[in-house]
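Structure, as structure tokens:
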Amino acid sequence: MVRHTAVEVPQGTCYGQTNVPLRETFSEEAEIVKKNLENIDFDLIYSSPLSRCRKLAKYCGYGNVVKYHDCLKELHMGDWEMHMWDDLDMTVWKDDWVNNPAPNGESFAQMYNRVALFFDKLKERDTDNVLIFAHGGVISCARVYFGEADIKQTFDLMPQYGEVVVFQC
């Protein structure tokens, strides 16, 4: 799995499923990702349909073969999208951020369930090596799914922009 490259939004912005621009350093960051994927054969390639993942998949040369899947989208932050975290009333998340959704959004548990369903279906396929372009939250869900983390650790285990994370099933 590959997390998209750095985004061009003010630090502290909640951007979930909003299509946001990438930093002007995209080409340099994407080139590093591309080199990390060189000489690896993939049976299938998937991506979130959000623009920050689509652009990276295309840059890495997979634009014609990638399959876009809505289950790989980032957490839907509802009314919180594009607001500063410090300005949000986080009362709804105070006691149980895993199960309580952002207003008009989805909960982390709901996102985990859609990501887990994607992996359940993927396991049914006869594949050895799959590449997925996704988001930090989705990769965190994968860590939970593959038994590398507890769901309550997910925000502490966020991958870096452009990071390649490998899972074995």
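Every number in this text was worked out from the coordinates using simple rules, so none of it is lab data. What you are looking at is a predicted structure, and each value in this text was computed from that prediction instead of being measured. For neighbour counting, all protein chains shown are included, and Cβ atoms are generated from backbone atoms with ideal geometry for every residue, glycine included.
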For residue 88, only one of the following conditions fails: (1) out of contact with any Asp or Glu (no Cβ under 6 Å at 6 or more places or on another chain); (2) under 21 Å from residue 168 (Cα atoms). What is its number? (2)
Every residue in the stretch 127-164 that is among the charged types (D, E, K, R) and in contact (Cβ under 8 Å) with a residue 60 or more places away in the chain, please. 128, 163
From the list 57, 30, pick out the single residue that is in contact with a helix residue (DSSP H, G or I) (Cβ under 6 Å, 6 or more places away or on another chain), in contact (Cβ under 8 Å) with a residue 60 or more places away in the chain and assigned to a helix (DSSP H, G or I). 30
Residue that is farthest from residue 144 (Cα to Cα), among those in the stretch 33-51 that are without any contact (Cβ under 8 Å) to a residue 60 or more places away in the chain and touching a helix residue (DSSP H, G or I) at 6+ places or on another chain (Cβ under 9 Å): 34
Which one is nearest to the chain's Cα centre (by Cα), of the residues in the stretch 103-127 that are assigned to a loop (DSSP other than H, G, I, E, B) and farther than 20 Å from residue 153 by Cβ? 105
Could you figure out which of (1) polar (S, T, N, Q); (2) buried (at least 19 other Cβ atoms within 10 Å of the Cβ); (3) touching a Gly at 6+ places or on another chain (Cβ under 6 Å) isn't true of residue 154? (3)
When every residue in the stretch 1-46 that is among the aliphatic types (A, V, I, L, M) and within 22 Å of residue 83 (Cα to Cα) is compared, the one surrounded by the most Cβ atoms within 10 Å (Cβ to Cβ) is 22
